[in-house]
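The values are calculated or read from the model by the stated rules, or taken from the named source; none is laboratory data. It should be emphasised that the depicted structure is a prediction, and the values quoted were computed from it without experimental measurement. Counting neighbours? That spans all protein chains shown, and the Cβs are built from the backbone with ideal geometry, glycine included. Areas reflect the complete protein model, heavy atoms only, side chains present, ligands, DNA and RNA absent. Shrake-Rupley method; radii C 1.70, N 1.55, O 1.52, S 1.80 Å.
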Amino acid sequence: MLAKKVEDILNLQIEREDYSSQLYLSMASWAENQGFGGVANWLYMQSDEERMHMLKFVKYINDRDGKASICGLDKPPVEFEDIFKLFDAVLKHERYISNSINEIVAVCMEEKDFTTNSWLQWFVTEQIEEEASVKSIIDKLKLLGEKNLYMFDRDVPSMRGGGGNEAV
Ligand code: OFO
């Protein structure tokens with residue numbers, strides 16, 4: 001049985017993971033329109049992964065006799081200045097998600113919910129991998145520079161870290 005405070009913050013995370021999925025979907029669509037098929041591919045996969053994260057929270061809350069709630073989301077941005085700014089925005093968003101996972105861990109400690117805390121450790125590790133993977137993409141992008149975006153676009157789909165896409 002989940003404490004109310006834990007249930008509430010887990011539900012908030014459903015919203016955040018869902019928004020992550022929509023944000024990356026919007027970025028994918030923008031990149032596809034700009035002719036960056038490889039970047040779009042990476043972002044479509046990332047969007048699917050975030051949806052799996054969201055579903056993990058839904059299932060966990062319901063499995064623990066809580067009530068998962070799905071809510072409406074803010075519309076994500078639809079325009080992005082360029083590929084450099086887009087990946088900076090992805091990193092910024094992943095850091096925000098890492099902080100929100102840490103906030104949930106803090107609430108679990110406060111409420112002595114060691115079960116949820118232990119379940120959350122998968123997300124703690126996942127966030128380390130996701131931030132590292134986006135950082136290495138940004139490094140590669142800087143290294144190749146504006147003139148080599150063709151090569152970057154060709155290589156980026158293979159630069160996927162983490163393993164968040166397995167079944168819930
Ligand atoms: Fe990008 O990560 Fe979900 O949790």
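Highest mean first, how do 18-29, 118-129 rank when packing is the count of other Cβ atoms within 10 Å averaged over residues?
18-29, 118-129
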Residue-normalised accessible area of the chain, expressed per residue, 1.4 Å probe, Å²: 52
Listed residues MET151, PHE84, TYR96: farthest to the positive end of the dipole of segment 77-168 (Cβ charges): MET151
Nearby lysines by direct alpha-carbon distance to LYS67 (threshold 16 angstrom, same-chain neighbours under 8 apart not counted): LYS4, LYS5, LYS56, LYS59
Percent of alpha-carbon pairs separated by more than 17 Å within segment 85-166: 55
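Of all accessible surface on segment 4-157 at a 1.4 Å probe, what whole percent is carbon and sulfur? Please report the intermediate quantities before stating the final value.
Details: 4120 of 7910 Å².
Roughly 52 percent, rounded to a whole number.
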Extended-chain gain in nm, criterion 0.36 nm per residue less alpha-carbon gap, LEU73 and LYS140: 20.9 nm
Dimensions (Å) - segment 4-157, Cα atoms, principal axes, largest first: 53, 28, 20
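For segment 1-145, what is the charge dipole size about the Cα centre, in debye to the nearest 20, if Lys and Arg each add +1 at the Cβ and Asp and Glu each add -1 at the Cβ? Spell out each step's value before the answer.
Details: 16 positive and 26 negative charges, 16 e Å.
For segment 1-145, the charge dipole is close to 80 debye.
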Point-to-point label distance, ASP8-LYS85, nm (Cα→Cβ direction, 7 Å offset): 3.7
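Just the projected area, averaged over all directions, of the convex hull on the alpha carbon atoms of segment 37-105: how many nm²? Mind showing how you got there, number by number?
On the way: hull surface 23.1 nm².
Mean shadow area of the hull around the Cα atoms is 5.8 nm².
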